[in-house]
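Notes follow once the structure below has been shown.
The values are calculated or read from the model by the stated rules, or taken from the named source; none is laboratory data. Here the structure is a predicted model, which is why all the values come from computation and not from measurement. Every residue, glycine among them, receives a Cβ derived from its backbone with ideal geometry; neighbour counts consider all protein chains shown.
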Amino acid sequence: MTITRNDFPDGFVFGVATSSYQIEGAAREDGRGPSIWDTFCREPGRIRDASNGDVACDHYHRWPGDLDLIRGLGADAYRFSVAWPRIQPDGKGRVNSAGLDFYERLVDGMLERGLEPHATLYHWDLPQALQDAGGWVSRDTAFHFAEYAHVVAGRLGDRVVSYATLNEPWCSSILSYQIGEHAPGLRDRRLALAAAHHLLLGHGEAVAAMRGLVREAGLGIVLNLQPAYPASDRGEDVAAARLADGTFNRWFLDPLLRAEYPEDIWEAYGADVPEVQPGDLARIAQPTDFLGVNYYSRSVNGASGNVRPAGSSYTQMGWEVYPQGLTDLLVRLKGDYPDLPPLFITENGAAYPDEPSGDRVHDPERVRYFQAHLEAVARAARQGVDVRGYFAWSLMDNFEWAYGYTRRFGLVYVDYETQARVLKDSARWYRALLTGQPSDVPVAADD
Ligand code: FCB
């Protein structure tokens, strides 16, 4: 049995997601300033295939066709991100109206096609000029971000259905300043925690700045959450899972939803904790209209490191396919956070080494992945979780950060030589779910 729209609550929104640097290209057009990803991609050894986002999917020029594709899938909504360096090439002050014009055309293009625009203001492409002044380690960046958010919401207003301030602050702080895998590629935990705090503060400041400007649009933030399970019920494994959950999930959830940092992790971080000024936490925790959840996998934690459960299947990223983790996560959020706003699954998807065969791309694992995770969302909804939408990552194959073009997450296959787009079987399957029309894609048996 395959799922249908009827398995979801009334008004549940189905969409697809992308982000600016990953698809737009046109890196030097119409006044766009450089971003930290332009810089990072040029540093030897940072990107697996030594590629960059200069052209990517050329979406900056091909957006009308791409919106037609989304419409053709029967989607209700499109989650995209705005490139800050197109709007403010220097990260502050001067506004480049050509950048705003682009997103205005894009949003109007969605509305013409009956698609709800869901904007994300920061999907990691920080203007390089702000990095030169310290990036997110500098507290000032939070206030520059709010100014930028004010500019964007001032132009796009209530035509946008939801504004997410940040995408995955764990990635733009820990992965970028401590683990060094993402721009700017630093390896310093103290700086990473300062960056994380200023990102959260920037979220709060941006929400405050936009509140007065928009009446209808929802305001919120998107977190990547990864439920942490202990490898066994031994005390030290349980402690390892608690620590992983704390650093990955609670470090972001608790300030946003409880106006406090988790005490156990605060202690574990010792002298590396960020400087928190009076009022910061109240600012960070001001009420929002939704929380976006990006879910890909879980972690299984043992005292001596993470374990990979035998018998599980893994995506090309090496991430375990574990749909039940999404149900568990959503139910847990509802249980742990009384002030939880309505939830949207803002990303969920999988990379596999897709190969075209004729005019088709058969990706049965991805079909199975989407089906199982949508079932997981439906289960959470039946357990009383207020979840209102699901965005598949991603509309199309794109620049996968440090992996360059070596990982394909799209429903739609992109031939980067010709920029041709080909619907994968997963896109055909998703279209059948969204339109209620029959599909020619075999549906995998339930696991
Ligand atoms: C998420 C990012 C998104 C994409 C997917 C695979 O962490 O938000 O841009 O890279 O992972």
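If only residues of region 11-32 that are surrounded by 24 or more Cβ atoms within 10 Å (Cβ to Cβ) and part of a loop (DSSP other than H, G, I, E, B) are counted, the one that is nearest to the ligand (Cβ to nearest atom) is S19. In the set V300, V276, only one residue is within 27 Å of G384 (Cα to Cα), among the aliphatic types (A, V, I, L, M) and modelled with pLDDT of 95 or more; that residue is V300.
One line per residue, one yes/no per condition, for (1) of a type in the set (F, W, Y); (2) surrounded by fewer than 23 Cβ atoms within 10 Å (Cβ to Cβ); (3) more than 16 Å from the ligand (Cβ to nearest atom):
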| residue | (1), (2), (3) |
| --- | --- |
| R105 | no, yes, yes |
| G109 | no, yes, yes |
| L115 | no, yes, yes |
| H123 | no, no, no |
| G135 | no, no, yes |
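Look through R379, R428, R421 and report the one residue that is under 30 Å from P169 (Cβ atoms), more than 16 Å from the ligand (Cβ to nearest atom) and basic (K, R). Testing whether each residue is under 30 Å from P169 (Cβ atoms), more than 16 Å from the ligand (Cβ to nearest atom) and basic (K, R) leaves just R379. Being surrounded by 15 or more Cβ atoms within 10 Å (Cβ to Cβ) and hydrophobic (A, V, I, L, M, F, W, C) is a property that A432 has. From the list F344, F370, the lone residue that is within 16 Å of the ligand (Cβ to nearest atom), more than 18 Å from W429 (Cα to Cα) and buried (at least 20 other Cβ atoms within 10 Å of the Cβ) is F344.
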